[in-house]
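Heads up: the structure comes next, in structure tokens.
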Amino acid sequence: MPIKPLKKAVLPVAGLGTRFLPATKALAKEMLPVVDRPLIQYAIDEARAAGIEQFCLITGRGKTAIVEHFDVAYELERTLAERGKDEILQELRSLSIEPGAMMTVRQQVPMGLGHAIWCARAFIGDDPFAILLPDDLMQCDPPCMAQLAEAYRETGGNVVAIEEVPRERVNRYGVLDVAEDKGRLVSVKGLVEKPPVDKAPSNLTIIGRYVLMPEVIGHLSKMERGAGGEVQLTDGMAKLIGSQPFHGLRYTGRRFDCGDKAGFLEAQIAFALGRPDMAPAVREFLKRYA
Ligand code: UTP
């Protein structure tokens, strides 16, 4: 079967962000900035770099600022132009999305990631689609989603980005049951969400980057509750195995869990050190905390 091009991405942003309260009481977690741009912007830029052209944000209460961020801000742009602030003006302009290329869908009740993805069913239609969880911030070259898109063009079917974690932490993630480990690519015979440490089939875990086939929606629509009483994406994906190719990709690069306070702080340092305009000053002040 021909491999359909990957042009669509779903970005779920409807979670409550309880680990980051009180910061996330009135502010969407995805609008928290790392250095000078919000998490959602890194995710959209990463998707664009992988050739994605259409975006669906799964939003919930208090998330309108996310949509505003990608809108045209005429008054701000005019003021910047009048003041000759051309560089930042260009950057703001590069943010805007092609008219009609971004839609939002409301997940009224956060019933889990699987339910959030199911909410995008009309957007997905019959096409393959990417998922990016913006709170997993990736520092990768090439960008993580571009690595996944390339793997998808090789294998077809479903491909998820994976990483190894210490055994005692597997109970926080979706975990792979490995059919064949080929190094960069791993073929998958099963998936389990948040297994007890002693029952986990491996220590290869799924991170917040996926390429999935639209058939996953049919499985999610059964609304079966899994770990934590939520509709789990992992359970829906597991049902695809056997009828479609399913691979894990050991991506190259680093992930920062920005839904977690320590991960978020580490991301600030890592991304600032990666910026030529900031690195010298950051290196200097870090000496004071060694
Ligand atoms: P998390 O597990 O990080 O949950 O969701 P959360 O609510 O955002 O944060 P905590 O754990 O309470 O601090 C992973 C991703 O799935 C989305 C989140 O927005 C995040 O991108 N999500 C989760 C939804 O969109 N809907 C849900 O019902 C659950």
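FYI, it's all coordinate maths here, none of it is from the lab. The structure displayed is predicted, hence computed values, not measured ones. Positions of Cβ are backbone-derived with ideal geometry, glycine not excepted, and every protein chain shown enters the neighbour counts.
Scoring 12-21, 42-51 by mean Cβ neighbours within 10 Å over their residues and listing the highest first yields 42-51, 12-21. P(r) tail for region 2-47: Cα pairs beyond 11 Å make up 72% of the total. Estimated at 0.36 nm per residue, the fully extended path between E180 and K25 surpasses their Cα-Cα distance by 51.4 nm. Alpha-carbon geometry of the chain: the Rg and the Dmax are 19.3, 63 Å, given in that order.
For region 72-149, take the convex hull of the Cα atoms, compute a quarter of its surface area, and give me that in nm², please. Approximately 7.9 nm², given one-decimal rounding. Its Kirkwood hydrodynamic radius, worked out from the mean inverse distance over all distinct Cα pairs, puts region 43-94 at 13.0 Å.
Across all C-alpha atoms in region 1-142, the radius of gyration and Dmax reach 16.0, 55 Å. Ranked by how many other Cβ atoms sit within 10 Å of their own Cβ, fewest first, the residues D260, D86 fall in the order D86, D260.
Relative to its Kirkwood radius, the Cα radius of gyration of region 159-290 gives an Rg/Rh of 1.08. Rounded to the nearest 20, the size of the Cβ-charge dipole of region 210-290 about its Cα centre is 320 debye, with Lys and Arg at +1 and Asp and Glu at -1. With the simple model of a label 7 Å out from the Cα in the direction of the Cβ, R78 to R153 spans 4.4 nm.
Using the beta-carbon distance between D71 and A290 and R0 = 35 Å, what value does 1/(1 + (r/R0)^6) give for FRET efficiency, to the nearest 0.05? Rounded to the nearest 0.05, the efficiency is 0.25. Counting only DSSP beta bridges with both residues in the chain, the antiparallel share comes to about 60 percent.
For region 119-222, the alpha carbon positions stretch 39, 37, 28 Å along the principal axes, listed from largest to smallest.
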